[in-house]
Amino acid sequence: MNRREALFSLGLAAAVAPLAAKGVKAEELNGFPTATAQNPDHLPVPARRGGEYVVLRDETDRNTVKAVFDRLIPADDHGPAASEAGCIEFLDDQLAGTYGSGAALYLEGPLDPANEEAIMGMPQFLSTPRQRYEIGLKALEAYAQTTDGVAFAALSPDRIDEILTGLEAGEIDLGPEIHAGAFFELMLQNAREGYLSDPIYGGNKDMAGWKMIGFPGARYDYRPYIDRRGEALNLTPVSLIPQD
Amino acid sequence: MTIERPKADVVIVGLGWAGSVMAEELTRAGLNVVAIERGAWRDTSTDFPPAVDADELKWHTRRTMLQPMSVETTTFRNRMDQTAAPVRNWSAFQYGWNVGGAGTHWAGMSWRFTPWDLQVASQTRERYGDAFTDSLNLQLQDWGMSYDELEPYYDRFERIAGTSGIAGNIKGEIQAGGNPFEGPRSRDYPTPPLKDSHWMSKFRETTQNMGYHPFTIPAGNLSQAYVNPLGVNMGPCTYCGFCDFHGCGNFSKSSPQACILPVLMRRPNFTVLTETEVLHAVKHEDGKTAKGVRFVTKEGEEGFQPADVVVITAFQMDNVRLMLLSGVGEAYDPVSHTGTVGRNYNYQTCSSVTGFFDGEHMNPFIGGGALAVQIDDFNGDNFDHTGLGFIGGAGIMGYSTDGRPIQRMDNLRPGTKRWGSEWKSGYARDYGSNGTIFCQGTSMPVRDAYLDLDPTYKDRHGQPLMRMTFDWNKNDRDMCSYVTDRAVEIMREVGGSDIIVDNQADKSWNPYMQTSSHTQGGAVIGADPTTSALNTYCQSWDVHNVFVVGASAFPANAGYNPTVTVGALAVRAAQAIHQTYVNNPGPLVDA
Ligand SMILES: Cc1cc2nc3c(=O)[nH]c(=O)nc-3n(C[C@H](O)[C@H](O)[C@H](O)COP(=O)(O)OP(=O)(O)OC[C@H]3O[C@@H](n4cnc5c(N)ncnc54)[C@H](O)[C@@H]3O)c2cc1C
Ligand code: SF4
């Protein structure tokens with residue numbers, strides 16, 4: 001089976017879409033294209049809000065990822081927790097799209113994991129981010145059931161921190177299919193992306209992440225400010241979501 | 001089905017910076033040009049207006065404008081006794097695709113190389129002697145031409161691109177405030193330098209006081225409105241900070257979109273086929289010339305574009321790969337030390353030094369792709385290397401390119417946890433109060449750093465991927481640690497605390513750990529066909545109607561970014577084609 005068939009058979013037809021995103025056909029252009037409409041594939045696509053989950057449909061999976069994300073980014077004086085800022089919706093939306101399907105990745109075999117990790121300095125995968133979450137979250141839940149006898153989401157904050165610390169250090173084994181350290185990194189990366197990216201993608205609600213650090217967001221002109229030396233500018237952040 | 005297209009005077013493979021410059025020169029001279037670009041059409045107004053551009057997740061984190069590895073990747077190993085593995089995920093290899101190529105989302109640092117960079121082999125021998133030069137164990141070679149020969153073409157590219165800066169040397173006269181170490185320029189930059197950010201002014205003042213020679217780096221981010229020689233209008237940079245990895249919605253960043261395509265596209269003798277990938281060039285039976293290129297469209301239809309001249313401008317890696325796939329020139333073999341295609345692969349040696357400034361507001365979000373102050377006191381051969389045991393050096397810059405919050409989320413004082421409340425308070429404390437010094441250094445070639453076709457892995461069309469065999473060599477490592485120490489001294493002097501040093505050359509090279517996307521060599525120019533694949537007009541020594549332009553042409557790398565030198569080589573090659581070659585096809589230089 002070639003790669004294209006493999007993708008379709010996994011129900012990941014979307015994986016090939018972005019490579020053919022623009023226009024219908026390969027084009028011959030003579031003269032300057034006169035269309036003035038913005039190209040749809042270059043417009044930001046707002047995350048789906050308030051609807052059904054697309055990838056994190058299983059409630060246990062969702063509770064597990066929420067329990068993890070809210071320890072990675074807890075509520076405190078510096079702002080809301082990850083889930084309060086919309087990071088779970090952000091993740092679901094990202095995993096439902098081309099990021100989740102690994103559209104940009106090179107997923108051809110053969111893969112010799114030991115050699116690839118040694119050469120590249122980090123583990124390499126033939127699976128997509130979406131597939132890695134699907135099996136990783138199940139494995140975390142199974143781990144909590146085995147070691148503590150309860151659901152992962154029912155663990156105490158201290159116990160979750162202990163497990164996360166163990167995953168980060170590569171000291172916890174989640175089974176042969178999962179590289180525990182790499183799965184931790186993937187979750188940490190996505191939680192913080194959700195907290196710090198434009199709110200149009202579902203996370204960073206009320207621009208809480210940007211307010212935390214003092215980033216003014218999607219502003220585009222700092223000519224009035226560049227000559228100011230070392231001053232707090234206290235600029236109110238703006239996002240790509242159009243203001244009424 | 002096979003599409004057979006009408007014959008063109010010239011077919012250009014890849015419409016990025018080099019391809020656009022080429023196409024502009026050749027169509028202006030009246031030649032009929034077809035460019036084939038595997039990405040889609042891209043334009044400033046419709047693709048990256050300010051309301052779309054200021055989006056870190058889409059453009060920087062997800063790299064939506066770059067060539068995905070699923071389209072084509074590279075395999076890599078450090079040494080010949082290893083089995084190379086494919087680069088599967090986003091890494092330091094940041095190739096452009098779509099009309100405009102990497103020229104759409106580059107940062108705009110617009111350097112010329114120094115006279116020494118083009119004649120490393122002969123000038124090192126001359127200044128330090130044979131014994132020292134031989135002891136380096138490098139595969140040093142000259143470019144086959146001097147800086148003075150390239151100067152007019154540098155000038156032409158800077159005028160087209162629109163470059164802001166301050167000259168340090170006009171016709172041999174040193175200019176106050178500029179870079180006194182640069183090669184002589186025929187005139188000043190098209191527009192004045194950009195302004196300093198707060199961090200840059202600190203860096204400038206400190207290095208000045210230390211006796212060095214700080215200057216604002218030349219930038220493809222325009223300091224004021226400008227009309228280029230093609231009649232295209234550009235606007236002033238707004239220091240938006242969404243520059244590299246992003247397009248520019250203001251027509252302020254030098255790019256094919258802003259500077260060339262508005263004119264090129266209106267020429268009746270120019271055609272571009274988009275979303276069409278060239279598979280390889282096809283040679284005539286006698287093997288002496290090419291008759292055109294074979295391509296495949298997005299829909300999978302194959303076709304042939306006949307042409308009298310084939311110009312390959314598909315970025316450094318693909319330039320070399322297309323030569324190998326087309327059998328243009330002999331593949332390099334590091335064991336027998338024969339062949340030239342794939343030889344003299346080289347990279348860019350980088351390090352960074354970050355310091356923290358309690359309670360000080362650096363306002364990092366005010367930035368520009370090429371907004372920086374640099375000293376060149378430790379670059380190239382600007383300092384005496386006697387007794388140091390290495391050659392080359394690095395530019396040392398205090399820069400303000402961007403304040404992207406996802407990219408910077410680990411940029412915290414040493415020892416800060418990367419998650420939990422500790423990360424949140426650490427990021428709140430450190431985001432706005434650090435400054436980074438970047439050292440961008442030379443990279444010298446060695447015999448066993450090279451490119452060839454991978455025996456195992458294939459692209460989506462079933463053609464072999466490029467395989468890279470590379471690690472830092474002793475000269476790169478020694479140079480980098482020497483220069484990094486200078487940057488640490490500067491950081492101490494500026495008053496940064498909790499200093500973090502990232503010296504990329506102190507561990508084995510791998511593509512996921514680099515901060516430089518500057519990959520060079522593999523199809524290098526020179527005066528000697530046994531050590532170079534191309535003559536100095538970027539013409540293949542073996543197949544005389546094939547010209548290959550890009551950073552693939554650099555026999556060694558300077559302590560600078562590559563693009564202005566790529567642009568200058570493109571202008572020079574284009575002029576040689578329409579002034580000389582088409583009237584009298586054949587080698588432009590006798591082998
Ligand atoms: C994020 C980033 C920042 C950078 N910043 C700087 C900087 O500050 N200063 C600097 O000097 N340089 C910088 N660079 C490097 C700079 O962008 C490149 O040096 C420059 O664009 C190279 O020009 P080129 O014409 O050789 O290739 P490109 O501009 O990349 O064009 C090559 C084109 O060929 C097309 N192509 C490839 N293969 C095929 C094929 N088989 N068939 C058809 N088309 C094909 C590609 O899609 C692409 O459009 C940066 C690069 C990146 C990624
Ligand atoms: S920093 Fe300047 S040149 Fe770069 S994208 Fe913003 S406005 Fe354009």
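By how many degrees, between 0 and 90 and to the nearest 10, does the Cα long axis of helix B:420-430 differ from the longest principal axis of chain B? Approximately 90 degrees, to the nearest ten.
Extension gain, B:Ser135 to B:Glu285, is 49.5 nm, computed as 0.36 nm per intervening residue step minus the present C-alpha separation. Most mobile of A:Ala104, A:Ala35, A:Ala82 per a Gaussian network model of chain A (Cα springs, under 10 Å)? Most flexible of the set in this elastic network: A:Ala35. Peptide B:424-432 has a mean of 5 when you count, residue by residue, the C-beta atoms of other protein chains within 10 Å of its C-beta. Going from the chain on its own to the full set of protein chains, segment A:189-206 has these residues losing 40 Å² or more of accessible surface (heavy atoms, 1.4 Å probe, no ligands, DNA or RNA): A:Arg192, A:Glu193, A:Leu196, A:Tyr201. Taking a span of 15 Å or more along the helix axis (Cα atoms) and a mean Kyte-Doolittle hydropathy of at least -1.0 as the rule, the DSSP H helices of chain A that qualify are A:59-72, A:129-148, A:157-168, A:180-196.
Would you mind calculating the gained length between A:Ala114 and A:Asp221 on full extension (0.36 nm times residue separation, minus the Cα-Cα distance), in nm to one decimal? Walk me through the numbers on the way to the answer.
On the way: separation 107, 0.36 × 107 = 38.52 nm, distance 4.82 nm.
So the chain would gain 33.7 nm between A:Ala114 and A:Asp221.
From the helices alone, meaning DSSP H stretches of at least four residues, give me the mean residue ellipticity at 222 nm for chain B, per-run term -39500 (n - 2.57), in deg cm²/dmol to the nearest 500. Intermediate results must be reported in sequence, preceding the final value.
On the way: 14 runs with 134 residues, N = 591.
Calculated at 222 nm, the ellipticity per residue is -6500 deg cm²/dmol.
Legend: mean number of C-beta atoms from other chains within 10 angstrom of residue C-beta atoms, peptide A:117-127, equals 5. Within segment B:358-376, the residues that become at least 10 Å² less accessible when every protein chain is included than when their own chain is isolated (1.4 Å probe; DNA, RNA and ligands ignored) are B:His361, B:Asn363, B:Phe365, B:Ile366. According to the square roots a ≥ b ≥ c of the eigenvalues of the Cα gyration tensor, what is the shape class of segment B:1-126, taking rounded for a/c under 1.5, prolate for a/b larger than b/c otherwise, and oblate for the remainder? The shape class here is rounded. Which residues, if any, in segment B:65-92 have at least 40 Å² less accessible area in the whole protein complex than in the isolated chain, probe 1.4 Å? When all protein chains are present, B:Ser70, B:Ala85, B:Arg88 each give up 40 Å² or more of accessible surface.
How much of the DSSP beta bridge set in the protein assembly as shown is antiparallel, as a percent to the nearest 5?
On the way: 60 of 89 bridges.
In the protein assembly as shown, DSSP labels about 65 percent of beta bridges as antiparallel.
Full extension of the chain segment joining B:His337 with B:Ala527 gains 66.6 nm, where the gain is 0.36 nm per residue of separation less the Cα-Cα distance. GNM on chain A, alpha-carbon springs under 10 angstrom: the most fluctuating residue among A:Val65, A:Val45, A:Val54 is A:Val45. So how far, in whole Å, is the C-alpha centre of segment B:1-72 from the one of segment B:170-188? Comparing the Cα centres of segment B:1-72 and segment B:170-188, I get a distance of 35 Å.
What a 1.4 Å probe finds exposed on the protein assembly as shown is 49% carbon and sulfur by accessible area, rounded to a whole percent. How far is helix B:17-28 tilted off the main Cα axis of chain B, in degrees rounded to 10, range 0 to 90? Compared with the principal axis, the helix lies near 50 degrees.
Both chains summed, the buried accessible area for A and B stands near 7700 Å², from protein heavy atoms and a 1.4 Å probe. For B:Asp590 and A:Ala37, a Förster radius of 51 Å and the Cβ-Cβ distance give a FRET efficiency of 0.40, rounded to the nearest 0.05.
Between B:Lys7 and A:Gln243, what FRET efficiency follows from the Cβ-Cβ distance if R0 is 45 Å, with the result rounded to 0.05? Working shown, then result.
Details: r = 55 Å, r/R0 = 1.22.
For R0 = 45 Å, the calculated efficiency reads 0.25.
Remark: segment B:422-539 is approximated by an ellipsoid whose semi-axes, taken from the C-alpha gyration tensor as √(5λ), come to 37, 21, 13 Å, largest first. Summarising the strand pairing of chain B, around 65 percent of its internal DSSP beta bridges are antiparallel.
Springs join every pair of Cα atoms under 10 Å in this Gaussian network model of chain A, and among A:Ala114, A:Ala144, A:Ala153 the largest mean-square fluctuation is at A:Ala114. Could you tell me the distance between the Cα centroids of segment A:138-170 and segment B:524-591, to the nearest Å? Distance between centres, Cα-based: 60 Å. What shape does segment B:106-216 have by the C-alpha gyration tensor, where a ≥ b ≥ c are the square roots of the eigenvalues, rounded means a/c under 1.5, and otherwise prolate means a/b greater than b/c and oblate the rest? Oblate is the answer for segment B:106-216, as a/c is 1.5 or above yet b/c matches or exceeds a/b.
Counting only heavy atoms of the protein chains, get the accessible area per residue of the protein assembly as shown (1.4 Å probe) and round it to a whole Å² value. Spell out each step's value before the answer.
On the way: 28990 Å² over 835 residues.
Per residue, the protein assembly as shown has 35 Å² of solvent-accessible surface.
In chain B, the longest principal axis of the Cα atoms and the axis of helix B:147-161 are about 80 degrees apart. Average 1/r across all pairs of distinct alpha carbons in the protein assembly as shown, invert it, and you get the Kirkwood radius: 27.5 Å.
If R0 is taken as 41 Å, the Cβ-Cβ distance between A:Ala151 and B:Leu230 corresponds to a FRET efficiency of 0.05.
The values are calculated or read from the model by the stated rules, or taken from the named source; none is laboratory data. On a predicted model such as this, the values are computed, not experimentally measured, just so you know. We place every Cβ from the backbone using ideal geometry, glycine too, and count neighbours over all the protein chains shown. The accessibility values were calculated without ligands, DNA or RNA, using every heavy atom of the protein model including side chains. Shrake-Rupley method; radii C 1.70, N 1.55, O 1.52, S 1.80 Å.
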